[in-house]
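Please read the structure below before turning to the comments.
The values are calculated or read from the model by the stated rules, or taken from the named source; none is laboratory data. Values in this document were obtained by computation on a predicted structure and should not be read as measured data. Neighbour counts are summed over all protein chains in view; Cβ atoms, including those assigned to glycine, are modelled from backbone coordinates with ideal geometry.
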């Protein structure tokens, strides 16, 4: 490249960078213009030094300075945009879906802990240690140390209808307390609906295998306070209990206002068919 064509070549480089950047984003335009300007400056310096030494060396020095200036400018821009005031967009902006999923998992864990603790308190058990189970190891939801025995409690919830179950799964802003009822649009008889849900949850959990505890208990928590104790007792009498890994099976529920509204716990025979 001769010194006569160096200027046109540099202008062409600048225009190419600018055209590509305009089609992408303003930030890339700013970066492209910066790099182009640095390359132009490097080319001018190279050409100037070449002319001072000899016109024949201008083209060679210009060609050498162009990529060196572009590389230096690229490194500087990369460092510049990695500073805190220009955070990586993919890392700094959290996904709404991911945030919702994490919140749901947190609410679910808090609900499981509350149900398990209330069950133990109702039974008069005094755990000395407690932790969350690891689902990757097939552990139940909550694990307690009780009288030198490791007890794992699997928690599930029975709902009056599937619409209410889906609504509960979508709650992410504020988890409801165990004793706070949610009254959905219950179609048909609520007593029959809740009994069917208890049976479904029982069948689902009995199919699983568990590890990480000396004893595995199942607690089916009834959501809401529409069903009286006598109907739940009748429901339990008619439950079909499949083969299962549980040492104990409980149904926990909030009694109706007419019954005082306290926590109720009913035990289901584990070998009942």
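Return yes when residue 125 is modelled with pLDDT under 95, surrounded by 11 or more Cβ atoms within 10 Å (Cβ to Cβ) and at negative phi and no when it is not. Break it down stepwise before answering.
On the way: modelled with pLDDT under 95: no; surrounded by 11 or more Cβ atoms within 10 Å (Cβ to Cβ): yes; at negative phi: yes.
It is false that residue 125 is modelled with pLDDT under 95, surrounded by 11 or more Cβ atoms within 10 Å (Cβ to Cβ) and at negative phi.
Which condition from (1) closer than 21 Å to residue 161 by Cβ; (2) loosely packed, with under 12 Cβ neighbours inside 10 Å is the one that residue 224 breaks?
(2)
Select from the stretch 258-273 the residues that are under 37 Å from the mean Cα position of the chain (by Cα) and either outside any loop (DSSP other than H, G, I, E, B) or within 19 Å of residue 122 (Cα to Cα) (or both) and list them in ascending order.
Those that are under 37 Å from the mean Cα position of the chain (by Cα) and either outside any loop (DSSP other than H, G, I, E, B) or within 19 Å of residue 122 (Cα to Cα) (or both): 261, 262, 263, 264, 265, 266, 267, 268, 269.
Within the stretch 188-207, identify whether any single residue is under 21 Å from residue 121 (Cα atoms), modelled with pLDDT of 95 or more and surrounded by 15 or more Cβ atoms within 10 Å (Cβ to Cβ), and answer yes or no.
no
How many residues does the stretch 131-144 contain that are over 15 Å from residue 111 (Cα atoms) and without any contact (Cβ under 8 Å) to a residue 40 or more places away in the chain?
The number of residues fulfilling the criteria is 3.
Could you check the stretch 209-241 and list, in sequence order, the residues that are part of a loop (DSSP other than H, G, I, E, B) and in contact with a strand residue (DSSP E or B) (Cβ under 8 Å, 6 or more places away or on another chain)?
Of everything in the stretch 209-241, those that are part of a loop (DSSP other than H, G, I, E, B) and in contact with a strand residue (DSSP E or B) (Cβ under 8 Å, 6 or more places away or on another chain) turn out to be 210, 212, 213, 214, 223, 224, 225, 227, 239, 241.
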